[in-house]
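So the structure is just underneath, and the comments pick up after that.
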Amino acid sequence: MVTWTLSVDRRKAQRAAIIAELDALAEGVQDLTIEVFAEDHYWNAADHGAFRDFVPFATLSHPHAEGLEYVAEALLESFGWLVDFRPPEVTED
């Protein structure tokens, strides 16, 4: 399973619109798993003072990288550079 983290620019993105697009993609892409992070996590994430404020929004998982590439292209087409994709952060315990 390949997993990416979707981050969005919370200063400009519309959370509900992104969730609606993710729901549509989940229905149309076989084996796609999406976990949207809680709304309080989204709004309370640290602001690093940058011009654009990207915060983690959801994890996207699919058995094949090509499935995630398709989803990324669809989200970029809909939301432009308000979205970003990266492997999930690894933390040391």
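FYI, it's all coordinate maths here, none of it is from the lab. Bear in mind the structure is a predicted one, so any value in this text is a computation, not a measurement. Positions of Cβ are generated from backbone atoms using ideal geometry, with glycine treated the same way; all protein chains shown enter the neighbour counts.
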Requested in this report: Please go through region 1-23 and pick out each residue that is among the hydrophobic types (A, V, I, L, M, F, W, C), over 11 Å from F54 (Cα atoms) and in contact with a helix residue (DSSP H, G or I) (Cβ under 9 Å, 6 or more places away or on another chain).
Outcome: V2, W4, A17, I18, L22
Query raised in the report: What tally of residues in region 37-70 results from selecting those that are buried (at least 17 other Cβ atoms within 10 Å of the Cβ) and within 14 Å of V8 (Cβ to Cβ)?
Result: 8
